[in-house]
Amino acid sequence: MELPQIPELMGLSLLLGLLALMATAAVARGWLRAEEETCGGSAGQKANGLPLDKSSRSKKQKQHQRIRKEKPQQHNFTHRLLAAALKSHSGNISCMDFSSNGKYLATCADDRTVRIWSTKDFLQREHRSMRANVELDHATLVRFSPDCRAFIVWLANGDTLRVFKMTKREDGGYTFTATPEDFPKKHKAPIINIAIADTGKFIMTASSDTTILIWNLKGQVLSTINTNQMNNIHAAISPCSRFVASCGFTPDVKVWEVCFGKKGDFQEVVRAFELKGHSAAVLFFAFSNDSRRMASVSKDGTWKLWDTDVEYKKQQDPYLLRTGRFEEASTMPCRLALSPDAQVLALASGSSIHLYNTRRGEEEEHFEQVHGECVAGLSFDVTGRLLASCGDRAVRLFHNTPGHRAVVEEMQGLLKRASNESTRQRLQQQLSQAQEALKSLGVLKK
């Protein structure tokens, strides 16, 4: 008689079990909420009264923002001859150029800016600069115009030249305006250098194949030079604006003359002379300020100083004046700078810089780990008193003590031969100035 009641009892048992399970879950949920409020109460109060999930989210956002804002650590370098470090760029500086009047230094970096620095601030505590923005691109090379009223840049992504005009404001600053149209694209290989002739008559661009283009200021190609050097490593215009030179895979430096008529019209580019004497590829070269001297450095581990004040049309070849050793050039790329008076040669390999006296061929100064990256630019200022280098986010300026020593040696020698009193006074004044400069730097030899 009781068997038919078994399904009803089973259903009742299942119902009671389900109710008990729901009650247990409710109690557990309340316990967890209470535990969370107890443990997280102080954290919630520290979050300015915001609910816990919102405050933790805002903290994470702030942490991410802080991480994004953090910049790579700036490379630190100190030396007794370090005159200044120019630090305003947020990206690595790839090129720099001193204006012909000596008043400004232009630098470009991958932060999409070009900065113009006042050289009169170099030895001051603060270094002012003016910023020109490169829209939708960044500059890899920069060069001042001869009149210092404009500068040109090579665009990394655009693969062409852009001209910026400099307009002086009433407050003494400048407004930088890019011309409406860039130069047309002509090169088929990466650019290694650009330059403007000091006469303002032409612009040079050189690529890593064997091509050098000579342009007028309107963006028209006047001439194309095939260097026949397998590949170009460096190219430049001489300060006198007569010559264009290049070096590359071959063990020589080739020099051409860019000829203009009496009325200033372009005529032709003709082969002038070559610097022959190296036994391996020439990695870099430079002119003295008067274009009468050139220096070169080769993969054969040597540097050479040349007298290029020759009448090449009469088949005169440049004279070799000095050869020095620079072993680093045999294993890695390097750069070279020649002081305006050709008395000092600066060589850079990796992040190190070496200074040589060209008269004796001896190394006089050596700076290690100057930049966090390889030296990308090396140049003396127009006075020859400072040497500038770039390679990370800073430009570093060094006192040219070998230059002062060279002046002391030269003036002492000239004084012994001088017979005119006014000449002796002039030489003595230059000698005293050089000695005073060395004394102020604490490097005057007694």
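The values are calculated or read from the model by the stated rules, or taken from the named source; none is laboratory data. Because the structure is a prediction, the values reported are computed rather than measured. Positions of Cβ are backbone-derived with ideal geometry, glycine not excepted, and every protein chain shown enters the neighbour counts. When the accessible area is computed, the model is the full protein with side chains, heavy atoms only, and any ligands, DNA or RNA have been set aside. Shrake-Rupley method; radii C 1.70, N 1.55, O 1.52, S 1.80 Å.
Separation of region 362-420 from region 257-279 is 30 Å, based on Cα centroids.
Listed cross-link partners K120/K165; K168/K218; K218/K254; K87/K218 are compared with a 32 Å cut-off, the Cα-Cα value being larger for K87/K218.
Basic side chains Lys and Arg get +1 at the Cβ, acidic Asp and Glu get -1 at the Cβ, and with that the dipole of region 90-399 about its Cα centre reaches some 720 debye. Expressed per residue, the C-alpha convex hull volume of region 295-446 stands at 146 Å³. Once the cut-off is 34 Å, how many percent of the Cα-Cα pairs in region 90-399 end up in the long-distance tail? That fraction is 17 percent. Packing, taken as the mean count of other beta carbons within 10 Å per residue, orders the peptides 343-350, 137-144, 256-263 from highest to lowest as 343-350, 137-144, 256-263. Note on K218 and S100: their simple-model spin labels are 2.1 nm apart, each label 7 Å out from Cα toward Cβ.
Tally Lys/Arg at +1 and Asp/Glu at -1 over every other residue whose Cβ is under 12 Å from the Cβ of T160; what's the total?
Once all neighbours under 12 Å are counted, the net charge is -1.
Compute the label zone of L82 within region 418-446: residues whose backbone N is under 18 Å from the point 7 Å along Cα-to-Cβ. Counting backbone N atoms under 18 Å from the label point, the list is 441-442. Counting only aspartates and glutamates at least 8 places from K185 when in the same chain, those with an alpha carbon closer than 12 Å to its own are D159. Computed from label points 7 Å out along Cα-Cβ, the spacing between R417 and H366 is 3.3 nm. For the set L320, L86, solvent exposure ranked by accessible area (probe 1.4 Å, protein chains only) runs largest to smallest as L320, L86.
Solvent-accessible surface of region 90-399, averaged per residue with a 1.4 angstrom probe and all protein chains in place: 45 square angstrom. Using a Förster distance of 25 Å, how high is the FRET efficiency between S208 and A178, based on the Cβ-Cβ distance and rounded to 0.05? Efficiency for this residue pair is about 0.45. The label point for K188 and the one for S279, both projected 7 Å from the Cα toward the Cβ, are 3.6 nm apart. For T250, nonlocal amide neighbours, meaning residues 5 or more places apart or on other chains whose placed amide H falls under 5 Å from its own, are N231, V282. Exposure check, 1.4 Å probe, all protein chains in place: I233 carries approximately 60 Å² of accessible surface.
Leaving out ligands, DNA and RNA, and with a 1.4 Å probe, what % of the accessible surface on region 90-399 is carbon or sulfur? Please list the in-between numbers first.
Details: 6140 of 13800 Å².
Carbon with sulfur: 45 percent of the solvent-accessible area.
If R₀ is 35 angstrom, what is the calculated FRET efficiency for the pair R131 and S330, using the beta carbon separation as r and rounding to 0.05? With R0 = 35 Å, the Cβ-Cβ based efficiency is 0.30.
Compactness of region 250-337, taken as the C-alpha radius of gyration over 2.2 N^0.38 Å, stands at 1.21.
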